[in-house]
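Since every read-out is calculated from the coordinates, none of them should be taken as a lab result. All figures in this text were calculated on a predicted structure; none of them were measured in a lab. Cβ placement follows ideal geometry from the backbone for every residue including glycine, while neighbour counts extend to all protein chains displayed.
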């Protein structure tokens, strides 16, 4: 057995010219194989006297995990907006010939100490919580327990597929969590995030009931399109566009990409057209064409009715003002919009527009 002085171990991010070697080693020796970089991802290597000892990967957090979500205690509407503050230890590989007592827990401890700084430097926002999933048929999570990670429960065994989730449960995984600061749980679960932890504009996660309700509020809006070639109902196109914007999408391309990412159940809830056993979503062209031509007054009234129906979920309101770039009224004044937004639902109750002197 190789003798390794654990105090001489170094953990650092993988350099660009080392990425191919990292991928090859992970593919060859990890039972799950290589995991490509998708979204915010950091790769690390642990070395001893310039010899590679271990490989680690941190990537996007799981979309849903009941054990994790119950431990945090956050409202599901806030979850989508805060998942970037959580990262998943998606791979941890001790390379062959380096299985030394206490090595793995030492490497994990070194990595989690430098991860917050690296994450802030690379992605411009903090990370508060680490998660990982352990297959009990292969491991018992000893490394994570030794590094003071919390075992908070098990998954149900379902996995994500291109069609949504697998129909049958497979092997449930053990769920381990590691807060990176003492108040991580409180920060993630509070109603309003402090400015340092906000990662973008207002975003919420829609419930199944909210998805199903959206299209009903748009049914009475007159369709500005010709009868010929209408492949998607107007209420469906408007509901998908509204849902995408509520979830933080901005621009026609982003709305279209969000629509394409919807699973079969979500498409059914939006009353999407069914063809050959598949639910179809409107294209970017259709979404743009509808939003340009629909009567904005009718659309605004429908959205206000939806806000009224779900506004009772808000316990407090925020007032937010923005000056519209390149928007000049007939008198040559720049347009300013004041909005009233619910803290909990992130729904906009009303807006007031007026002109500002240049």
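Would you calculate the separation in nanometres between label points at residue 207 and residue 138, each defined as 7 Å from the Cα along the Cα-to-beta-carbon direction? The answer from the label model is 3.7 nm.
Computed from the C-beta positions of residue 32 and residue 125, the FRET efficiency with R₀ = 22 Å rounds to 0.20. By the beta-carbon count within 10 Å of each Cβ, the least crowded to most crowded order of 49, 232, 30, fewest first, is 49, 30, 232.
If I stretch the segment between residue 60 and residue 47 completely, what's the gain in nm (0.36 nm per residue apart, minus their alpha carbon distance), one decimal? Intermediate results must be reported in sequence, preceding the final value.
Working: separation 13, 0.36 × 13 = 4.68 nm, distance 2.47 nm.
Computed gain between residue 60 and residue 47 is 2.2 nm.
So how much slack lies between residue 75 and residue 190, counting 0.36 nm per residue of separation and subtracting their Cα-Cα distance, in nm?
Numbers: separation 115, 0.36 × 115 = 41.40 nm, distance 0.89 nm.
Gain in length upon complete extension: 40.5 nm.
Between residue 280 and residue 250, the modelled label-to-label distance comes to 3.2 nm, taking each label 7 Å out from Cα in the direction of the beta carbon.
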